[in-house]
1. In whole Hz and in residue order, list the ³J(HN,Hα) couplings for segment 155-167 that follow from phi through the Karplus curve 6.51 cos²θ - 1.76 cosθ + 1.60, θ = phi - 60°; x for Gly and Pro.
2. As an exercise, identify the chymotrypsin sites (Phe, Trp or Tyr not before Pro) in segment 59-120 lying in DSSP coil whose Cβ has no more than 14 other Cβ atoms within 10 Å.
3. In deg cm²/dmol and to the nearest 500, what is the mean residue ellipticity at 222 nm of the chain if only DSSP H runs of at least 4 residues count, each as -39500 (n - 2.57), divided by the residue total?
4. Please give the FRET efficiency for ILE266 paired with GLU148, using the beta carbon to beta carbon distance and R0 = 25 Å, rounded to the nearest 0.05.
5. Any idea of the accessible area per residue across the chain, 1.4 Å probe, to the nearest Å²?
6. Computing the accessible area with a 1.4 Å probe over protein heavy atoms, can you report the carbon and sulfur percentage for the chain?
7. Taking the 0 to 90 degree range and rounding to the nearest ten, how far is the long axis of helix 127-147 tilted relative to the main principal axis of the chain, both from C-alpha atoms?
8. As a test, work out the antiparallel percent of DSSP beta bridges whose residues both lie in the chain, rounded to the nearest 5.
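The values are calculated or read from the model by the stated rules, or taken from the named source; none is laboratory data. From a predicted model like this one, the values you see are computed outputs, not experimental measurements. Every residue, glycine as well, gets a Cβ built from its backbone with ideal geometry; the counts of neighbours run over all protein chains shown. Areas reflect the complete protein model, heavy atoms only, side chains present, ligands, DNA and RNA absent. Shrake-Rupley method; radii C 1.70, N 1.55, O 1.52, S 1.80 Å.
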Amino acid sequence: MEIKLVKNFKAFVTSQNQNGKFENNIFEKSIDDLPDGDLLIRVEYSSLNYKDALSASGAKGITKSYPHTPGIDASGVVEESTNHHFLVGEKVIVTGFDLGMNTSGGFAEYIRVPSSWAVKCPESLSTKESMMIGTAGLTAGLCLEEIEKYKSLKNLEVIVSGATGGVGSIAIKLLSLLDAKVTAITGKKNEYKFLYDLGSSKIIQRKELIESTRLPLSKGLYDAAVDVAGGNILTNIIASMKYNGTITACGNVAGPKFETTVFPFILRGNRLIGIDSATCSIPLREKIWNNFSTKWRLNHLDNICKIIDLNHLNNEIEKILSGKQIGRVIVKINE
């Protein structure tokens, strides 16, 4: 496959002005500006994640140096490769590692990365579909992979926090596909239809969960959990698990600290499992992506995704930082 390589490309760039304020603009950059790596990828799609919004707002502890191009997700076509495992013209997916954190990320027409960060896009998935799933779906898939080590998902009572967000919405859709019974936690009273359409069996308000749960050990209601929130939400989820329950923790939008005792663990045999999608192994990523292209194939992803271009990223970043994002935001770069 012959590729005509361009020299310059457009990128969404976060920079700090003389007053110390962070601002975002679209600039033209040179291929030569990209970091070292054995794969040069023409990005077709990216997606907006909470980490991207933090990087684009200059939040401490995310990105060390500016100007910087965020975007922890990217899918596209290999245009240059010095690794025989990845051929020019092949579709690839890159999520996590240092992409978009301190390495120029997916909110640009090109990225250059180590081949050890890339996964071949399954033939039955388009690059667009792969970003509809993205880091959010990879994280949800890793959670389900852990839960299934202990129990079949069929008829399992699973509670999901952050239910209208990226991870939560894909987790609910996937759990529903696999015949689990899903209770969705939300603070958005206007999004019940969205959550039921995803496949939720029951919806509980955050406030109701907190007020109805007795700590440190409450009535056992759930076999498993996908927790994106952390904080006091995780505190109450742990107290509400049945015997031999599995809680997967993958986020901290409600805060990094939570309280518990040993009782849910020594009296009910519960497991609290941390999920990290940023640096998990390539073989595990390949397994999850292959699942999404076969037995986990999700239909009607368009219903939970909003497609934007680089020019509309700022508005969506503000929405995700204020907790108003619903579903997934996909960034169309090239096609």
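1. 6, 6, 7, 10, 9, 10, 8, x, 5, 8, x, x, 5
2. Values: sites: PHE86, PHE97, PHE107, TYR110, TRP117; in loops: PHE86, PHE97, PHE107.
Filter output for segment 59-120: empty list.
3. Values: 9 runs with 88 residues, N = 335.
So the helix-based figure for the chain works out to -7500 deg cm²/dmol.
4. Working: r = 24 Å, r/R0 = 0.97.
Computed FRET efficiency for ILE266 and GLU148 comes out at 0.55.
5. Numbers: 14960 Å² over 335 residues.
Averaged over the residues of the chain, the accessible area is 45 Å².
6. Numbers: 7260 of 14960 Å².
Here carbon and sulfur together make up 49 percent of the probe-accessible area.
7. Between helix and principal axis, roughly 30 degrees.
8. Details: 33 of 59 bridges.
If we restrict to bridges inside the chain, about 55 percent are antiparallel.
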